[in-house]
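All remarks here apply to the structure that follows.
The values are calculated or read from the model by the stated rules, or taken from the named source; none is laboratory data. Source: prediction; values computed, not measured. Virtual Cβ from ideal backbone geometry, glycine too; neighbours counted across all protein chains shown. For accessibility, only protein heavy atoms count, side chains too; no ligands or nucleic acids. Shrake-Rupley method; radii C 1.70, N 1.55, O 1.52, S 1.80 Å.
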Amino acid sequence: GGIGIYDLETGESILLRHTELVPDHSVQAMAALPNGDVICGTTIAGGHGTRATATEAVLFILDWKSRQVSYRTVPVPGSPSIAALYVADSGLVYGLASPATFFVFDPVAKRVVQSEAFADWGAPVFGSQLVPDGQGNLYTVLSRAVVRVRMEPFSVEKLDTPPQAITGGTALMGGRVYFSVGSHLWSYAP
């Protein structure tokens, strides 16, 4: 899968095909960097009836002006997908890869500066997001955990294990983390 770009002011639309970005990958997560470029995380999974030809998810930087990939790396070796990205005010990129690996990427130094895996907490779920609380924390859910990520200093904390598997998430409103379990909306107060 590629990226479709539509300019609201000019009405111009551009399609960047997967072959122009990372061949045989689909973009799963995106976030704007402070300089205006876009950082993207991929998945090797295709649609129904397809078979993955790639083996590891890629993190890449799309130069917004040229619409060209200016940098790419594998932030979590062996990971099939990067489910969520968040760019902090510091410019550091916080990411969530599958299986349950949190990482911090420095887009200036072009390197992963922190990485921790928590496979026993389950996997990222549909709609996984890293949601900020405005106090230096990010919240997310995995299939078996409600999680808080402290950005400075970096640490990851499991807040709770729900009695049933989480299937979708994540939103933060009124101090509560919202997620779905099947067709039910659940929330957790950190």
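If the chain linking Glu157 and Arg72 were pulled fully straight, counting 0.36 nm for each residue of separation and taking away their Cα-Cα distance, it would gain 27.7 nm.
Given the C-alpha centroids of segment 43-94 and segment 127-155, what is the distance between them in whole angstrom? Their Cα centres are 19 Å away from one another.
In the chain, inverting the average of 1/r over every pair of distinct C-alpha atoms gives 17.2 Å as the Kirkwood radius. Under a 10 Å cutoff between Cα atoms, tell me which one of Asp89, Asp63, Asp160 has the largest fluctuation in the Gaussian network model of the chain. Among Asp89, Asp63, Asp160, the largest mean-square fluctuation in the Gaussian network model of the chain belongs to Asp89.
State the percentage of accessible surface on the chain attributable to carbon and sulfur atoms; use a 1.4 Å probe and exclude ligands, DNA and RNA. Could the numbers behind the result be given before it?
Working: 5040 of 9830 Å².
C and S atoms contribute 51 percent here.
With the simple spin-label model, which puts each label point 7 Å out from Cα in the Cβ direction, the Lys110 to Asp89 separation comes to 2.9 nm. Label-to-label distance for Arg148 and Phe118 is 1.1 nm, based on points extended 7 Å past Cα in the beta-carbon direction.
Here the Debye sum runs over all C-alpha atoms of segment 134-190 as equal scatterers in vacuum, and log10 of I(q)/I(0) at q = 0.15, 0.19 Å⁻¹ comes out as -0.39, -0.61.
Determine the relative contact order of the chain: mean sequence separation of Cα pairs under 8 Å and six or more apart, normalised by residue count, in whole percent. Intermediate results must be reported in sequence, preceding the final value.
On the way: 462 pairs, mean separation 20.2, N = 190.
Over the chain, the number comes to 11 percent.
Compactness ratio for segment 20-115: Cα radius of gyration over 2.2 N^0.38 Å (N = residue count) comes to 1.02. A protection proxy built from the mean count of other Cβ atoms within 10 Å ranks the segments 142-152, 100-110, most packed first, as 142-152, 100-110.
As a rough guide to protection, the peptides 7-17, 127-137 ranked by mean Cβ packing within 10 Å, highest first, stand as 127-137, 7-17.
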